[in-house]
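What follows is a set of notes on a single structure, which appears directly below.
The values are calculated or read from the model by the stated rules, or taken from the named source; none is laboratory data. All of these numbers come straight from a predicted model, not from anything done at the bench. Every residue, glycine among them, receives a Cβ derived from its backbone with ideal geometry; neighbour counts consider all protein chains shown.
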Amino acid sequence: MPKHRHLRDFMAIASSRSLRAAAASLGLTQPAISRSLQELEEELGVPLFERHTRGVALTPAGEKYLARAQVASESLRRGYEEARQYHGDLTGTVAVSLSSAVVLGLLPLAYPQFRKAWPAISVRFVEGHFPNIEPRLRDGELDFYVGPRPKRELDKGYVVQRLADNDRAVMARKGHPLADVKSLADLVDAEWLIAGLRDRVEEEFEEVFSAWGLPSPAVRTRAESMLVLAVLLATTDALVFVPRIWAASPLFRDTLQEIAVSETLAAPEIVQMHSLQFPLTPAAEHLALLLQRAAGKPYRRRA
């Protein structure tokens, strides 16, 4: 059975594509890391790298083994942090992915409490939606995700918890010429942006407009960052569908406004998800709980 140092050395070589660079990054000599790799390859009975004059490249077996090694290494890291946290050590790392609605509506309520309880923890927030971050969630790089429920059917490898309802609003810059429009039909010919919630750009628009028997507008600009979306909205006459929490956020009070159409613009409910393969550490579980407690009022659908 390969030892932990074998996995560590193998992943360092795979990352740097060089035995010399990998050895330097780990504070080892090149003969030592070469010996470690040789032991691992002998244990597995297959070559993991092809040697070239300019370095090394993973073999097909090496590519497969790297994926397994990364999962195993992540599990070991989490197990180490979990054991120490249960023993009272408040250090470690938490990495989560949040949609823009969660960043605006829930994070300001949850994060101060979390930081007070875990002052020494390292936290990384990734803004994103499930289709884009799923590989990182599945492989354990991210502890959990909070955002719109994925549209496609999920396999049984995830724990999924519903947090709250959600709906959309039409947002525009302050003083937009269509600010007083009351019907979605009057916005069909406007310029639109799309926030990139779906893999296919047109899908979100098609589902919203078709629900009211309207043609889908042409969309030529897709923004996958909350900052890009906000800048384009504030400086052009473009419109966008965003979670309703945007309309109430103080960040946009002076630059953006909602166009209050009469139609209800349904959106996927907000869920929290993590991989079954990677149970949450106490720190990650606490942050997840605080986000759950913050959910509700910011997302409660209007009557």
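Just a few scattered comments:
- Scanning segment 21-55 for residues that are surrounded by fewer than 17 Cβ atoms within 10 Å (Cβ to Cβ) and within 14 Å of Ala69 (Cβ to Cβ) yields Glu43, Leu44, Val46.
- Members of segment 256-303 that are at pLDDT 90 or above and in a strand (DSSP E or B): Leu256, Gln257, Glu258, Ile259, Ile270, Val271, Gln272, Met273, His274, Ser275
- Restricting segment 68-102 to residues that are farther than 24 Å from Leu276 by Cα and of a type outside the set (Asp, Glu), the residue that is surrounded by the most Cβ atoms within 10 Å (Cβ to Cβ): Ala101
- Residue within segment 162-182 that is more than 20 Å from Ala238 (Cα to Cα) and touching a His at 6+ places or on another chain (Cβ under 6 Å) present: no
- Residue match in segment 58-71 (condition: in contact with a helix residue (DSSP H, G or I) (Cβ under 8 Å, 6 or more places away or on another chain) and at pLDDT below 85): yes
- Selection count, segment 155-175, where residues are touching a helix residue (DSSP H, G or I) at 6+ places or on another chain (Cβ under 9 Å) and in a loop (DSSP other than H, G, I, E, B): 4
- Qualifying residue in segment 136-147 (condition: loosely packed, with under 15 Cβ neighbours inside 10 Å, free of Cβ contacts under 8 Å to residues at least 60 places away in the same chain and under 22 Å from Pro243 (Cβ atoms)): no
- One residue from Thr235, Thr264, Thr281 being surrounded by fewer than 14 Cβ atoms within 10 Å (Cβ to Cβ), polar (S, T, N, Q) and over 17 Å from Ile194 (Cα atoms): Thr264
- Scanning segment 215-255 for residues that are among the aliphatic types (A, V, I, L, M), part of a strand (DSSP E or B) and under 18 Å from Glu127 (Cβ atoms) gives Val240, Val242.
- Subset of segment 96-127 [touching a residue at least 60 places away in the same chain (Cβ under 8 Å) and in a loop (DSSP other than H, G, I, E, B)]: Ser99, Leu106, Trp118, Ile121
- One residue from Arg244, Arg293 being closer than 26 Å to Pro112 by Cα and surrounded by fewer than 15 Cβ atoms within 10 Å (Cβ to Cβ): Arg293
- If the condition is being more than 19 Å from Asp139 (Cβ to Cβ), in a helix (DSSP H, G or I) and without any contact (Cβ under 8 Å) to a residue 60 or more places away in the chain, then segment 61-95 contributes Ala83, Arg84.
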